Each structure stands twice: as structure tokens, then as C-alpha cells.
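This report refers to the structure that appears directly beneath it.
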Amino acid sequence: MSSYFLTLSLLVCIGLCGKIVEYKFGVVYDYSGNNRHAVNGESSSTNDFDTMPTDRGAFFAKDVENRIKLPPNDLDSNNFYISPKFSLVLWVLTGANSGINNKTSIFYRYTSDQSFIMKIKKSDIGNQILAKFYYEPYNSGPLFGSNNSLKLEQWQLIIKTFDTTTGHIYTNGKLEISYTCTLDFSELHVDFPTYVGSYDGIDISFHGFIWYLAIFNDIIEHLDYYRRSFSPENCLVGECPSVCDPSIFLDGEQYCLSINLNPSQNGNYDLCPSGCSYGCSGSLCLDCKCSFKSCTVLNSEINCLCPVNSTASATTCECHDEYYFSFWECLSCHQECKKCIQPLKCTECKFENSIISGTEGCTCLDNFYAYYSTGSSYKTDCKPCHEDCLTCEKPKICLQCKNSNTIISQIEGCNCINGYYMDEITRKCYECDKDCSLCTKSQCLQCKSENIQIVGTKCECQAGFFNSSINGILSCSACQDICQSCIDNNTCLQCKKKYSNPVEDSCKCPENSNELFNACVCKDGYFMQNISNFYSCSPCKQLCLTCLSFDQCTSCQDESLIVDDNYNCVPDCKVGYYASDLICIKCADLCNVCSNGNSCDKCVDNAEVINGTCFCKKEEGFYANDQKCVKCADLCKVCSNGNSCDKCVDNAEVINGTCFCKREEGYYANDQKCVKCADLCKVCSNGNSCDKCVDNAEVINGICFCKKEEGFYANDLNCIKCADLCKVCSNGNSCDKCVDNAEVINGTCFCKREYRNEDEKCVENIFSAVISVNQLNKVGILFLEETEHPLKSYSINISLSPAYPFNYKSYYLNSTFLYLEMEFASSIPKGTKIFIDLSSNTIYSKSGKILDNYVYNNELYEYIYYKSSEEVDVIIKSTASALKNIGTAVISCGLISNPSAAWPLLSTIQLISYIRLGSNPLTPQLRTFLGGLGQYEIIPNLGYLVFSPNSSTQPYLEARKYGFQSSVFWINLGETFAIFFAILSLWPILKLARRSKFLKNSAKVKKILANYRYSFFIRFWIQAYLDIGICAIIQLRSVKFI
């Protein structure tokens, strides 16, 4: 098969998804070169029987054998099997064949021995769907759908379902074919060739397109794939028809498809560009030049359709790093390969510091070791060994050392052998000093021979040994027993006997000394002195018995003398005296220690030296008395004697020479100080009990507490009043408990909504309402402040006492006033009480006040209920009907001849009818007749269109009986206004009619217009004044304001 395009994909689903195979012909690529895909035509190696790819799907040409072969085929030998319960779904667009064969193939699946055949065809006779199901020995025979079950030039949804024994075929949701197999269906594991289109070299394929094909292992829901008629807003490909039925249902949206049957055009009916071997999408030719024979459209370019883990170009597929190409798949290389051509043979290693192994994977270079991630049996990196290693298996443990004179360390890297040290920079081993067996670069750590010690950085003989080296190697021999150190066996450098001097071959003590405990000790009057490493006993100074040096006596020759702090021998004087010429002289006043009489070295207690003289520490409360510094009286800080104080301690005062703590300022005496009383205490005798507290505090068990329940808290030794409206608090920023009828909000007290702050109390904050009733029993409630919400939002409960039937209308003028217009179904005696209950509401004013009373009552005025009898109503209606007929005839005649002729009759009827509005007594018959005249209405009342009758009050009794429903002046004049507007609109019509060519010279029309202008129009205004006066009187007589 040559390079080729077709819009198709295959999904092989097992178990969960329910799809056995699925081909979507809307994603453009050829399927011949991909594993588990179908083959275009009969084979991938030829173009025979190939379909043509287009943007509308796979195109099957007219009167030829086009086909698509599903697995098994020459590229995929694996079968797929259909379960006993399955569904087949096809979206097809069919065109007419030439009639060469009136049965064209759409789908065919069979076994090579013909023991199983399942086919779907199109019959050109009546455009019927045709099916056959053969499962040996069952044979359904040809099964035909209804005429036009496969409509031409229209996308059709074909669904075939089979449930073990029962099969159904639907087109566009309509059942066309049913059959029942006598055997339970099950596919055996043999080859099942499957074709879309032609299959046997005899039957030709249907003419048209396939957009979608899928087989499921269950019975599907039809509405998952289509919907009924749809006017396209979503067109999947190209230019769609104005209406498609059915429509494609995809991802929750309805779509239509182009129905262009010309494969050399795209879905928009545009010719494909010249040079296109097959169809096109827009202006892009769907020609594939890929060596793998599979292409896709990506960014308006044709690229190879490549397997997973590969990169596509126009001509080939290249597997990604770590994959190699094998049988249309990119398979994983060995885990250590970056690139490979076989599963185990690398052409490039994945990680640095490695080379390709001759057997499998890669091998690490010298100085690197193989690193394995947790749980991996393959190396994942070559990491550097320790710097001392030539080879290693672990990061710090060497298998072979890099440098000479080294051995492998069991802890880390390599160590130098004995007699060598490692240079930390070069990591090489260098030889130590000739006398050292262990060393660093600058320090000997261990010497080779015995009796040798490390001195500084090198080896030397130990004390008592001398260098007896032979051939340059240090060797040490023992000195004589008397020598601490020696040059040779006969010459000491230092003797073992302390303070002795080596003389020839012996050790001797210096002159004026004796030997004691293997040491030389100078005689009394002498001290040991070392001059140029030679010991001698030199004499002490005069008066010394023993000394450390010439000037430092340690004992005196005369027992009456003692050694002072300066190591001199002086007389033993008592405190307050000093030695002079071996006699004791008294020091100055208050001086305990002195060297002479002019300056003191140390004073008596509580005195200090100032310029060599001692003074009592006056500022610390001491005064001089008999060579002592005596403490002043209690609480006295400065005094001259013990009887009177010059200055007291802090927070004390002098009274008659004596100091007392400032008691009234809250201090008491304790340990020569005036100590502050406990917090909040004003007067106390000690720190444990208070005698008097600060203001707004009280003593409880000797301790002061602020009067918390009275609204005070402790702050800076005072009791501070809590914030406004706060009853109990711990500080000034937050309240713990508010006064009655207040609440804490964010630490601050506020009066509750229905209360107000007055003198730090929350007093009730109310407003009132009053009720009133006028003589027409219109009930009003006036709120003395605007309510928080509109009055109509509150519910009202109304009752009468005693009870009578009633209705009412409520009117809300604003947020302070409402009134009720009562409608009674019977007479109401005087004294009847009306009760208005608002208690189902909580009503606040806009200023936050609450209503003080929710139930209001007042007495109603007497109300006389009027209702005419049935006989009277009949008379009134008959009179009104007769009058309406007469009036209409008169007005019509007047409009044709003389409009003023209608006025005498109408004016007379109107004047007579108004007699009933007065209070004059009339006979019942006359009142009934006049009532009929008052019912005469030809023109509708426009007042009820402009004003709501619910917003008006009833008129007085006679006006109600006359027929007026409202007392409002403008409503009652509505009919008069209607006549006025009718006249105004009729006048220009008559004027225009007069100018027409038919009536322009008509004398009769001129006469009618003249009468209309002067008689009809002017007399109408004269008559209207009567109506205006009557309506004004009705409103004035009816309305009584509250």
C-alpha cells in the first residue's frame, strides 16, 4: 500500500471501558502502519481497494470495491473477538450507486469456513438497509428495513445490537430489523476476517463516507451518540446543512457534518489544490510521504503518525532516547542505555563516566563505581570513587589504591604504609624522617627506637639517656644513675639530686647548704640562687632568718618581729597603729591600718578614705563617735549625732528631730526603709495588712480590692472607673459585664436596640403610634417616627367587637402613616370597636426605638348597608339598556346630520339622573327609574386606567346608590375626559377626509364639520361644566380627613 491518509483511530478496551474496537474517522491519519490498526484496502503493500481520506471521513467511491480490513491482517495477526452481547455503531453518509449492483456492502464479518456471517448492506431499491446473520445452522436470510431507511445525501446513524440470541438494527433511533437466533451466540477462537465496504470481489462497496465505527461488548444507549433535528451552531467539518436530523452527539454537544459527496472537494465545497493525490482538509492535501505509511495533521502540516515514545517528521519516525524501533513500536532499551538498536546492546550510554559493555548495558570507567537506586537491579549512574581509589565498589571503600606506598583502608580511601605520610593535596605518600615510624608532613608521631621521645617535631633521647647513634640512626643509651641528663656515660648535664651541681663525674650541693631528702637546702640566712645553670646559696638581708630572695623575708631572726605584707620584718603593732623605727605609733582618727601618720590605708567599718583621711559614710547614715562610725537613728539617712536627724531616708520626713515614714502617702517602716504599702493601700502598718484603701477600693482580709461590682478596675495603684455602661471590667479596653439592658460588642458596651444611654444607664427607648377613625370609618394609624421598614412589610390582624363580616383595603402613605378603608357586608351600629393587632411584629423606628404598644382600638361610626332588591336591579338594567339604545341612535344620527341635535336628549337625561344625588324624598318607583338613567354609560371611564380605585375612598351613601364607586374627583371625571379625547382625535380625521377627492366638494360634509365645530364642540364644554361641578361636590361631601 502506498503512503495514504484516512481519518481513523483504534482503541482496544478490555473490561472497564466496554469498547472492543473504536474507529474515529475525524482525526486524520492512515492506519496501515500501526500496531493493532486496520489496513486500508486488502493489504498494506498495495493500493488495491483503498478508500480515499477526506475531512468528512473515509470515502468509498461509486461502483467500485473499496474496503478497510480490520485485524487480523498482514500487519496485525491478532484477532479481536465479539462478546455474546454486543453493539455495532456506524455513522455513514450514503450516495446513489449507478445501479450496476443494487446491493452494496457496508460491513461484513465472517469465518473462513463460512460457519458465521454477519453483514450489513444498502439496497438501492427503496434505499433500504439490508442485513444477514448466519450462525450455523441458524440462517436469518436477507432482512430488509423499511423504504428510505437509509436516506441519500444525509448522515445516518446505524446501530446493530445483539443480546445472546436476539438481534436489532436501528437507523436514526428507529427499529428497522429484528431477528431471533435459535442458538446462543459465542465466537470461538478462530480467525474472524472483518471488512468495512466490499469484501469478496463480487459485491461492490456502498457509495459514500464513514465517519465513525465502534463495536462494544454491551448494549449501548442510543442517545449517547445522536440527537434529533438540530440547526447547527456547531459544525464539525466544513459547511453544514441548515438542519441535520439526526445530529451527532459528542462530548455533551450536538454537531452537524458537511454532506458534500465530492471527494475532490473539502467540506466547504472548495476544490482541493492541484496536485493532491487524495482528498484535502481546507487547502491541505492529505498526501502521506512517510516511510512508515502513517501520517497525521499537526499544525497544518503532514507528519508521520508515529508510535508512543517517538518523534515524527514528514518522512519518518525516530524513537526517543532510551527506546529502539521494532515492529512499529518504540520499545525500551536496556536501562543503562541512552540509545540502542537492540534491547541489550547500547550504542550510547545513559550516564557519564561509563563505556559500552561488550555483553550487556554499560560499564563504569576506572575511578568510578556503579550506583544502584533502591530496588533497582540495574546501575542508574557511575559515581566517582574516593580520590585514593583506582577501582571501587562503594563510594569510600577501594578495591585497588591509586598511589604507591599505600594500603586499603577499611573505613575510607587508602592509608600510607608505616614510615610514610600522606600529602592532603596530592594524596601521595612521602617518606617520614629517618627516625620516625609514623608521621605527618610536619610532625613525627612515633619514633622507631626505644628510649626516645618526640620533642617538638622530631625524635630525641628521653631524660636519663644520651645519643649513641650509629650510622645516622638515632639510638639512646642510659646515663649514670646520678644524672638526670648527660652528654655521654661520664658527663652529666643535669643531676637527679635537686639543686646540686655536676662536678666531673659526680653531683655536689652548693656551699652553705645541706642535703635533705635527695635535695640540697640552703642554711638559715641564705637562699638558693641559680646563676648560669649553677646553683649557689646567697645571704638574706638583715633581720631575716629565712628568705626567698635578698629582699623577701619569710621569717625573722627576732621573735618580736613579724613579716609584713611587703616581706619585711617589723614590730607586731595592734589595729590602729603603725611601726616606725621598730616602735608602734597610733594612726589618725577612724584609721585601722596605716603606714605612717599622714595617710590611712584602711579605715574603720562604715568609714572611707578621702585624700588619705578617714570620714564616716555620712550619706549612708553614719556619724563619728569615739573612734567609730555609728549608725544614725532608724530611718535617718544623714545625721551629726544620735539625737537629731538632718535627712531621712526616701519617703520619710523629720518630725522633732526624728524620722517617720509618710504613712498617709502609703508607706511603712521596714528594715530602715520606708516601704510602699501593698497595691491600692493608702495607709498601712506593715506589708501584710492594710488599714485604709485608696478611693473606690475596699479592704477584704487585710488586702485592698477595687470595687469591681461598682465598675472599677485597678490601674497604676488606683481604682479607675470602667468604660461607659460597663459594670465589671479588668482594664479600660475591654468590658466583662455590662449594665442592665446593654451588651458587649468587641469589648465595648452598647445599649440594646430598644434602649438608649442616659446617665450611664440603658433606659427604654420607645416611640408611639395613635389610631383615629373618621365618620366614613376610615381608620388611620400614625406612627410618631418613621419605621425601620416600609409599613406594608408588617402583618396586621384586624377584628371587630362585636364581630361583623368585613373586608378592608390598606393604604400606605409613607413610613409613618397607614389607613384602612373598611368594607362592611352588613350595617354596623355605633359603638362597635375595631381592634388592630401588630403584636406578630417587632417594629423599630429608623432611629432604633421600639414601638411601645402593639394593640390599638377605637370606636367605629354607624354604617348603613345599602343593597337594592332583585326587582329594582331588573328595572334599572332595563331602563339603562333602553336608554343606551336610544342614546346611541340619537348620537349616530347627530353625527351624520347635525351633532347638536343629540345634545337636548342627552343633557335632559343627565340632568334628571342627577336628582338622586340630593337628599330630597322620592317615591320608590321614581328613585328606581332615575337609578336606571344613572347607569347609562357609552364611553369607558379612563380614570380607572390612570388611578387605582383601591387608593380612593367610597363616596357618601346617595352617590354610592347612584353608581359612583369612588369619591375621587379625577376618577369620576374619567368618562368626560374620554369623550374629550375622542372628539380631539375625530376632528383631524374629519379634516383629512374633507380634503379627499371624493368628499372635497361635498356640501353635506362641510355642514357636518361646521355643526361639529360650533354646536357639538362648544356645547360639549358647556355640558362638561355640569359634570365637573357634580364630581367636585361628591368629593367634598364624601371625604372627611382624619
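The values are calculated or read from the model by the stated rules, or taken from the named source; none is laboratory data. Everything numeric here is computed off the predicted structure, so don't read it as measured data. Here the Cβ is made from the backbone with ideal geometry for all residues, glycine too, and neighbour counts use every protein chain on show. For accessibility, only protein heavy atoms count, side chains too; no ligands or nucleic acids. Shrake-Rupley method; radii C 1.70, N 1.55, O 1.52, S 1.80 Å.
Can you say whether residue 173 is under 21 Å from residue 212 (Cβ atoms), assigned by the TED database to the domain that holds residue 215, buried (at least 17 other Cβ atoms within 10 Å of the Cβ) and small (Gly, Ala, Ser), as far as the supplied structure shows? Even if it seems obvious, please write down each step before you answer.
Details: under 21 Å from residue 212 (Cβ atoms): yes; assigned by the TED database to the domain that holds residue 215: yes; buried (at least 17 other Cβ atoms within 10 Å of the Cβ): no; small (Gly, Ala, Ser): yes.
No.
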Just one listed residue, out of 453, 484, is within 22 Å of residue 520 (Cα to Cα), surrounded by fewer than 18 Cβ atoms within 10 Å (Cβ to Cβ) and free of Cβ contacts under 8 Å to residues at least 60 places away in the same chain, and it is 484
Given (1) open to solvent by 20 Å² or more (accessible area, probe 1.4 Å); (2) over 30 Å from residue 967 (Cα atoms), residue 816 misses just (2)
Checked 819, 808 against criteria (in contact with a Gly (Cβ under 7 Å, 6 or more places away or on another chain) and assigned to a strand (DSSP E or B)); the one match is 819
Reported set for the stretch 329-371 where residues are open to solvent by 20 Å² or more (accessible area, probe 1.4 Å) and in contact with a His (Cβ under 6 Å, 6 or more places away or on another chain) is 344
Within the stretch 777-795, the count of residues that are open to solvent by 70 Å² or more (accessible area, probe 1.4 Å) and either of a type in the set (D, E, K, R) or in a loop (DSSP other than H, G, I, E, B) (or both) comes to 5
Per the list (1) open to solvent by 30 Å² or more (accessible area, probe 1.4 Å); (2) in contact (Cβ under 8 Å) with a residue 24 or more places away in the chain, residue check on residue 251 breaks on (2)
Note: among 570, 575, just one is buried (at least 16 other Cβ atoms within 10 Å of the Cβ), among the β-branched types (Val, Ile, Thr) and either modelled with pLDDT under 90 or not in a strand (DSSP E or B) (or both), namely 570
_Boolean, residue 711 is over 14 Å from residue 761 (Cβ atoms), modelled with pLDDT under 90, small (Gly, Ala, Ser) and open to solvent by less than 30 Å² (accessible area, probe 1.4 Å)_ = no
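For the structure I just gave you, tell me whether residue 276 is out of contact with any Lys or Arg (no Cβ under 6 Å at 6 or more places or on another chain) and buried (at least 17 other Cβ atoms within 10 Å of the Cβ). Steps first, answer last, please.
Working: out of contact with any Lys or Arg (no Cβ under 6 Å at 6 or more places or on another chain): yes; buried (at least 17 other Cβ atoms within 10 Å of the Cβ): no.
No: the conditions fail for residue 276.
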Among strands (runs of 3 or more DSSP E) entirely inside the stretch 184-298, those with 2 or more residues being farther than 20 Å from residue 39 by Cα are 235-237, 247-250, 253-257
Going through the stretch 605-637 in order, the residues found to be farther than 27 Å from residue 653 by Cα, open to solvent by less than 50 Å² (accessible area, probe 1.4 Å) and at pLDDT below 90 are 612
Flagged pairs (Cβ under 6 angstrom, 6 or more apart or on separate chains; first in the stretch 353-366, in contact (Cβ under 8 Å) with a residue 24 or more places away in the chain; second crowded, with 17+ Cβ neighbours inside 10 Å and part of a loop (DSSP other than H, G, I, E, B)) are 361/334; 361/336; 362/336
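Assess whether residue 616 counts as being under 30 Å from residue 497 (Cβ atoms) and touching an Asp or Glu at 6+ places or on another chain (Cβ under 9 Å).
Details: under 30 Å from residue 497 (Cβ atoms): no; touching an Asp or Glu at 6+ places or on another chain (Cβ under 9 Å): yes.
So residue 616 does not fit the description; no.
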Within the stretch 729-763, the residues that are at pLDDT below 85 and farther than 17 Å from residue 850 by Cα are 732, 759, 760
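Quick one: which residue in 245, 287, 270 is within 20 Å of residue 24 (Cα to Cα) and acidic (Asp, Glu)?
On the way: 245 fails: within 20 Å of residue 24 (Cα to Cα); 270 fails: within 20 Å of residue 24 (Cα to Cα).
Only one candidate qualifies: 287.
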Residue 113 meets each of (1) acidic (Asp, Glu); (2) farther than 28 Å from residue 19 by Cα; (3) more than 59 Å from the chain's Cα centre (by Cα) with one exception, condition (2)
Exactly one of 546, 554 is over 26 Å from residue 507 (Cβ atoms), part of a strand (DSSP E or B) and without any contact (Cβ under 8 Å) to a residue 60 or more places away in the chain, and that residue is 554
Residues in the stretch 52-95 that are closer than 22 Å to residue 204 by Cα and open to solvent by less than 40 Å² (accessible area, probe 1.4 Å) total 25
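Select from the stretch 122-155 the residues that are touching a residue at least 60 places away in the same chain (Cβ under 8 Å) and buried (at least 21 other Cβ atoms within 10 Å of the Cβ) and write down the one among them that is farthest from residue 89 (Cα to Cα). First the steps, then the outcome.
Here is the first cut: in the stretch 122-155, the residues touching a residue at least 60 places away in the same chain (Cβ under 8 Å) are 122, 153-155.
Okay, now just the ones that are also buried (at least 21 other Cβ atoms within 10 Å of the Cβ), so 122, 155.
On the way: 122: 16, 155: 13 Å.
Among residues in the stretch 122-155 that are touching a residue at least 60 places away in the same chain (Cβ under 8 Å) and buried (at least 21 other Cβ atoms within 10 Å of the Cβ), the one farthest from residue 89 (Cα to Cα) is 122.
Take residue 317 and tell me if it is within 47 Å of the chain's Cα centre (by Cα), open to solvent by less than 80 Å² (accessible area, probe 1.4 Å) and farther than 30 Å from residue 159 by Cβ. Walk me through it before giving the result.
Numbers: within 47 Å of the chain's Cα centre (by Cα): yes; open to solvent by less than 80 Å² (accessible area, probe 1.4 Å): yes; farther than 30 Å from residue 159 by Cβ: yes.
Criteria met by residue 317.
Taking the criterion of being among the β-branched types (Val, Ile, Thr) and closer than 24 Å to residue 71 by Cβ, would at least one residue in the stretch 220-236 satisfy it? Even if it seems obvious, please write down each step before you answer.
Here is the first cut: in the stretch 220-236, the residues among the β-branched types (Val, Ile, Thr) are 220.
Imposing the further condition that a residue be closer than 24 Å to residue 71 by Cβ reduces the set to 220.
Yes, that holds for at least one residue.
Going through the stretch 638-655 one residue at a time, which ones are open to solvent by less than 50 Å² (accessible area, probe 1.4 Å) and assigned to a loop (DSSP other than H, G, I, E, B)?
Pass one, the stretch 638-655, residues open to solvent by less than 50 Å² (accessible area, probe 1.4 Å): 638-639, 642, 645, 648-649, 652.
642, 649, listed by residue number.
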Note on residue 374: of the conditions (1) open to solvent by 60 Å² or more (accessible area, probe 1.4 Å); (2) of a type in the set (Val, Ile, Thr); (3) under 30 Å from residue 78 (Cα atoms); (4) under 48 Å from the mean Cα position of the chain (by Cα), unmet is (3)
Residue pairs within 6 Å by beta carbon, gap of at least six or interchain, first lying in the stretch 510-527 and acidic (Asp, Glu), second not in a strand (DSSP E or B), listed first then second, are 515/509
